[in-house]
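Notes to accompany the following structure.
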Amino acid sequence: MTAAASARDIRFLVVELGRRMDAHRRTRIAEFGLTLTQAKALEELGDPRTARELAAVLGCEPPNVTYIVDKLEGRGLVVRAPHPQDRRAKRLVLTGAGREMRLKLLLRMGQDSPLDHLAQEELDELRDRLSRALEGPRGEGSRTLPA
C-alpha cells in the first residue's frame, strides 16, 4: 500500500471514529435533557470556577456562559456563590443535584462507547499513537489531554 493510500484510509477511519464517538456522546447527553454545552459545563465544574474561567475552558464568551449557567441554575444543578478572594466575582458551584448528575453523566458517557470492545492495552496504544500523530511534522505539539 502506498503512503497516500494509507493516509487516505487513516483519514477515513479517524473521521468515522470521531463521527461514532460524537453520536454516542450526543445520545448519552440527551438522556439527561442537556445540551452539549450544558453537559460540558457540568463536566468542567467538578471544581468551582468563575464564569470567565468557564468561558475560557468552553471556548466561548462570558455572556454565553451566563445563558448556560442560567439554564443549569434553573434546574437546580448550579449556584452562583461569592468568590472567597474577590468580592466582585461569583463562583459557579455544583449543587448536590449537580454533583450527582455530573457523576451519572460521566459514568454514562463511558458505557457502550465505540471503543468499549478494545482492551486497555489497545486503548493505551491508540491514545499514544494518536498523540504522536497530533505532534505533527512541524512539531506543533498535541493538545493537553484532559485529566
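The values are calculated or read from the model by the stated rules, or taken from the named source; none is laboratory data. Treat the numbers as computed from the prediction; the structure is a model and nothing was measured. Note: ideal-geometry Cβ built from the backbone for every residue, glycine included; neighbour counts use all protein chains shown.
Remarks
- Count - residues of segment 4-26 that are surrounded by 12 or more Cβ atoms within 10 Å (Cβ to Cβ) and under 16 Å from ARG108 (Cβ atoms): 5
- Test result for LEU115, of a type in the set (A, V, I, L, M, F, W, C) and without any contact (Cβ under 8 Å) to a residue 40 or more places away in the chain: no
- Those residues of segment 23-35 which are out of contact with any Lys or Arg (no Cβ under 7 Å at 6 or more places or on another chain) and either among the basic types (Lys, Arg) or under 18 Å from GLU100 (Cα atoms) (or both), in sequence order: ARG25, ARG26, ILE29, ALA30, PHE32, GLY33, LEU34, THR35
- Which numbered condition THR37 fails, given (1) in contact (Cβ under 8 Å) with a residue 12 or more places away in the chain; (2) closer than 17 Å to PRO114 by Cβ: (2)
- Residues that are among the hydrophobic types (A, V, I, L, M, F, W, C) and under 30 Å from LEU130 (Cα atoms) occur at least once in segment 42-51.
- Restricting ARG129, ARG91, ARG49 to residues that are farther than 24 Å from ARG28 by Cα, free of Cβ contacts under 8 Å to residues at least 12 places away in the same chain and charged (D, E, K, R) narrows the list to ARG129.
- Segment 82-93, residues that are surrounded by 13 or more Cβ atoms within 10 Å (Cβ to Cβ) and among the charged types (D, E, K, R): LYS90, ARG91
- Matching residues, segment 94-117, being over 16 Å from HIS24 (Cα atoms) and either in contact with a helix residue (DSSP H, G or I) (Cβ under 8 Å, 6 or more places away or on another chain) or surrounded by 15 or more Cβ atoms within 10 Å (Cβ to Cβ) (or both): LEU94, THR95, GLY98, ARG99, MET101, ARG102
- Segment 62-89: number of residues that are among the charged types (D, E, K, R), more than 14 Å from GLN38 (Cβ to Cβ) and at pLDDT 90 or above: 1
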